[in-house]
Amino acid sequence: MKSTFLFLLTTTMMTCTAYGQSSNHKENKLPDWAFGGFERPKNVNPVISPIENTKFYCPLTKDSIAWESNDTFNPAATLYNGEIVVLYRAEDKSGVGIGHRTSRLGYATSTDGTHFQREKTPVFYPDNDSQKELEWPGGCEDPRIAVTDDGLYVMMYTQWNRHVPRLAVATSRNLKDWTKHGPAFAKAFDGKFFNLGCKSGSILTEVVKGKQVIKKINGKYFMYWGEEHVFAATSDDLIHWTPIVNIDGSLKKLFSPRDGYFDSHLTECGPPAIYTPKGIVLLYNGKNHSGRGDKRYTANVYAAGQALFDANDPTRFITRLDEPFFRPMDSFEKSGQYVDGTVFIEGMVYFKNKWYLYYGCADSKVGVAVYDPKRPAKADPLP
């Protein structure tokens, strides 16, 4: 889960939130393989915030619930019928604190990427179905969505029954009517990983003729996944996934937290990974360790990084950014459930020749940042 963020800056530096506004900020350059920089559009964020009066009849509590009244955050993003669709995690007021409420997924559409129309009821939630035992009472959390070239949407999300978090799969043709397939690793190795606490699945994609679609590598679908470390899995059908393991049967770590950096505590997979001519780029969420982290940032801050893998061998890690390319800068990213801030990236979509990145703001709201590949690369400035 997310935690706090507080820059150790002078008063002047804290007031300068845009790139290059203060000489106290150091330039944060990006290598040519990385995506960036992402800029927050003016006067639009946050694009999705909690609403008190939208009600939903919950089939499990048999009561009308203000399903998005407490927080709206951690979104997936994709395209449908020429519009951006964001599925965002929404929490009700059924408990106190992260992990103690019920999460459902809301549906929002946009024709420009920054202004949204929202459905009044969730499109994905715990129900009296085959997954109830794994999703109730915690709910359905933190989706990532990718689509095949023939229009099958595949959603990786976290099932949370308040005992074990499980990475699960659901599919749809219209983003509203979903089929739940259960835990991604349920059948792999005779069920060895069924009770493994796991989350954050990033399926490999590629932009083909202007459309971002799921890609196969060496005849199989490929997914990065994991919270503490980055792992991988393959699939023949996008539903049943097999984790990649070492000779001794343990999970193969592709890269891990590193002392002294912004990702010293966790390296958690973000939006769908992207195949490029320079290699495979995985955008991920780094968490700063309280004792072994980057001392420029307060303990437990979540900021976003990027890693590069070999285009022919997606398990071969090449390099990663030493600095975050995206970090809490604005007030809505530093107030909410985590009062000192978090940016948590989960949804990124290629739309009208630009990349739209959707992220959770302090576990409370949804923000957007936009990257135009025609503009020179830069990142959020260093502290």
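So, for the chain, what is the accessible surface per residue at a probe of 1.4 Å, expressed in square angstrom?
Dividing the accessible area of the chain by its residue count gives 40 Å².
Using a Förster radius of 35 Å, what is the FRET efficiency between ASN246 and SER130 based on their Cβ-Cβ separation? Nearest 0.05, please.
My answer for the efficiency is 0.60.
Would you mind putting 352-362, 165-175 in packing order, based on average other-beta-carbon counts within 10 Å, highest first?
Output ranking for 352-362, 165-175: 352-362, 165-175.
Leaving out ligands, DNA and RNA, what percent of the accessible area of region 276-383 is carbon and sulfur, probe 1.4 Å?
Here carbon and sulfur together make up 47 percent of the probe-accessible area.
Per the 1.4 Å probe, what fraction of the accessible area of region 110-252, in percent, lies on carbon and sulfur atoms?
Answer for region 110-252 is 48 percent, counting heavy atoms of protein chains only.
So who's got an amide H within less than 5 Å of the one on MET348, skipping anything under 5 residues away but keeping other chains? H placed 1.01 Å off N, in plane.
Amide H neighbours of MET348: ALA77, TYR358.
Which pairs break 26 Å Cα to Cα here: LYS211/LYS278; LYS199/LYS352; LYS26/LYS252?
LYS199/LYS352; LYS26/LYS252
Ranked highest first by the average count of other Cβ atoms within 10 Å around their residues, in what order do 117-127, 300-310, 149-159 fall?
300-310, 149-159, 117-127
Sort out for me the Cα centre separation of region 67-120 from region 316-337, rounded to whole Å.
21 Å
What list of ³J(HN,Hα) values in whole Hz, one per residue of region 128-140 in order, does the Karplus curve 6.51 cos²θ - 1.76 cosθ + 1.60 (θ = phi - 60°) give from phi, with Gly and Pro shown as x?
Listing the rounded values in order: 7, 9, 5, 9, 3, 4, 9, 10, 10, x, x, x, 10 Hz.
Using amide H atoms built 1.01 Å from N in the peptide plane, name the residues 5+ places from GLY293, or on other chains, whose amide H lies under 5 Å from its own.
Under 5 Å from the amide H of GLY293 lie the amide H atoms of GLY260, each far enough along the sequence or on another chain.
The values are calculated or read from the model by the stated rules, or taken from the named source; none is laboratory data. What you see is a predicted model; the values in this text were computed from it and never measured. Using ideal geometry, Cβ is built from the backbone for each residue, glycine included, and neighbour counts are taken over all protein chains shown. Ligands, DNA and RNA are excluded from the accessible area calculation, which covers all protein heavy atoms including side chains. Shrake-Rupley method; radii C 1.70, N 1.55, O 1.52, S 1.80 Å.
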